[in-house]
Amino acid sequence: MLEQDIVDFFREALWLGVEMVAPIMIAALVTGLVIGFLQALTSVQEATLTFAPKLGVILVVFWLTAGPMGRMLASFFDTRVLSFISGS
């Protein structure tokens, strides 16, 4: 196995991680921006106010995307990890 193969494998693994976490991070970012905007409009500067909505949105988005994320991970394992382990 060449060094380039190892680098490609880890690049694909990192990119898969980015693809899997992107929906959750985007949802948390948008929720934080909306809550922050509402706090600025109403002059309510409570730091803990953003925690509960963000947590709720993150849980909902994770619940909605858990199936596709699992399929992506299983596909990566079947196509790349097993061939990487076997050396073929």
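Some observations on this one:
- V34 modelled with pLDDT of 95 or more and out of contact with any Leu (no Cβ under 6 Å at 6 or more places or on another chain): no
- First in the stretch 38-64 and in contact (Cβ under 8 Å) with a residue 60 or more places away in the chain, second anywhere and open to solvent by 90 Å² or more (accessible area, probe 1.4 Å) and not in a helix (DSSP H, G or I), Cβ under 7 Å, 6 or more apart: none
- Some residue of the stretch 43-52 being surrounded by 11 or more Cβ atoms within 10 Å (Cβ to Cβ) and touching a Ser or Thr at 6+ places or on another chain (Cβ under 8 Å): yes
Condition check ((1) open to solvent by less than 80 Å² (accessible area, probe 1.4 Å); (2) more than 30 Å from F84 (Cα to Cα); (3) touching a helix residue (DSSP H, G or I) at 6+ places or on another chain (Cβ under 9 Å); (4) among the hydroxyl-bearing types (S, T, Y)) across all residues:
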{"position": "L16", "(1), (2), (3), (4)": "yes, no, yes, no"}
{"position": "E19", "(1), (2), (3), (4)": "no, no, yes, no"}
{"position": "A27", "(1), (2), (3), (4)": "yes, yes, yes, no"}
{"position": "Q39", "(1), (2), (3), (4)": "yes, yes, yes, no"}
{"position": "G67", "(1), (2), (3), (4)": "yes, no, no, no"}
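- Pairs where the first residue, in the stretch 69-84, is among the aliphatic types (A, V, I, L, M) and the second is in a helix (DSSP H, G or I), C-beta under 6 Å, 6+ apart: M69/M20
The values are calculated or read from the model by the stated rules, or taken from the named source; none is laboratory data. These figures come from a predicted structure and were not determined experimentally. Using ideal geometry, Cβ is built from the backbone for each residue, glycine included, and neighbour counts are taken over all protein chains shown. Heavy atoms of the whole protein, side chains included, go into the accessibility calculation; ligands, DNA and RNA do not. Shrake-Rupley method; radii C 1.70, N 1.55, O 1.52, S 1.80 Å.
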